[in-house]
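The values are calculated or read from the model by the stated rules, or taken from the named source; none is laboratory data. Just so we're clear, the structure is a prediction, and the values are computed from it rather than from any experiment. Cβ atoms come from the backbone with ideal geometry, glycine included; neighbour counts cover every protein chain shown. Accessible surface is based on the protein model in full, side chains and every heavy atom, while ligands, DNA and RNA are left aside. Shrake-Rupley method; radii C 1.70, N 1.55, O 1.52, S 1.80 Å.
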Amino acid sequence: MNNKIIIVNGPNLNLLGEREQSQYGSTTFNELKENCLKKSSEIGIELEFTQSNIEGELVNLIQDARKKYDGMIINAAAFTHTSVAIRDSLDLFKKPIIELHISNIYKREEFRHKSLISDIATGGIFGLGVEGYILAIISIQKILTNENR
Ligand code: DQA
């Protein structure tokens, strides 16, 4: 049976391709979604690709994901740096979590240097552009099939 994973995207990522291209590149949100679905089907993953601008909706998504998915890739966007509620819901997930950022948050403003998620994530990818999503999909598949060592 295929592994099922969910990609959770936080606020403003729906505007990829339009917002701050110098940080996030020119790929649109829909193109990114298509690329992720394509890679997932190639390697035998069932993928749900989600986005919300609303903190409570993200908490609901993450809570529901506990019963439905084997792993999660999360770009919590600005909530990475502020949301104890999202951190707490991720802590309840108890399955592999990859934290993802398109930009290198450590090269940017100081308020982006702190992630409330990193210490409960399995691992993380940052600063590699939208290609990071593809790398995260490959990586989580290896973690789930125990091919990561
Ligand atoms: C981001 C980095 C965050 O600091 C920022 O608020 C985002 C996107 C990234 O993917 O690089 O919205 O998570």
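Of all residues in segment 1-52 being more than 16 Å from the ligand (Cβ to nearest atom), in contact with a helix residue (DSSP H, G or I) (Cβ under 8 Å, 6 or more places away or on another chain) and assigned to a helix (DSSP H, G or I), which is most open to solvent (accessible area, probe 1.4 Å)?
Here the residue is K39.
Taking interchain pairs and intrachain pairs at least six residues apart, which have beta carbon atoms under 8 angstrom, with the first residue in segment 130-149 and touching a residue at least 24 places away in the same chain (Cβ under 8 Å) and within 22 Å of N30 (Cα to Cα) and the second of a type in the set (K, R) and open to solvent by less than 70 Å² (accessible area, probe 1.4 Å)?
I134/K39; I137/K39; I138/K39
Among the residues of segment 113-142, which ones are closer than 13 Å to G71 by Cα, out of contact with any helix residue (DSSP H, G or I) (no Cβ under 8 Å at 6 or more places or on another chain) and open to solvent by less than 40 Å² (accessible area, probe 1.4 Å)?
A136, I140, Q141
Mind listing just one residue for me: the one in segment 78-94 that is open to solvent by 70 Å² or more (accessible area, probe 1.4 Å) and assigned to a loop (DSSP other than H, G, I, E, B) and, of those, farthest from the ligand (Cβ to nearest atom)?
K94
Report, ordered by the first and then the second residue, all pairs with beta carbons closer than 7 Å, sequence separation of six or more or different chains, a first member in segment 77-106 that is modelled with pLDDT of 95 or more, and a second member that is more than 10 Å from the ligand (Cβ to nearest atom) and among the acidic types (D, E).
Cβ pairs passing all conditions: F79/E55; S83/E55; A85/E55; I86/E55; K95/D70.
Could you list all residues from segment 95-117 that are within 13 Å of the ligand (Cβ to nearest atom), within 19 Å of I5 (Cα to Cα) and either charged (D, E, K, R) or assigned to a helix (DSSP H, G or I) (or both)?
Across segment 95-117, the qualifying residue is only E99.
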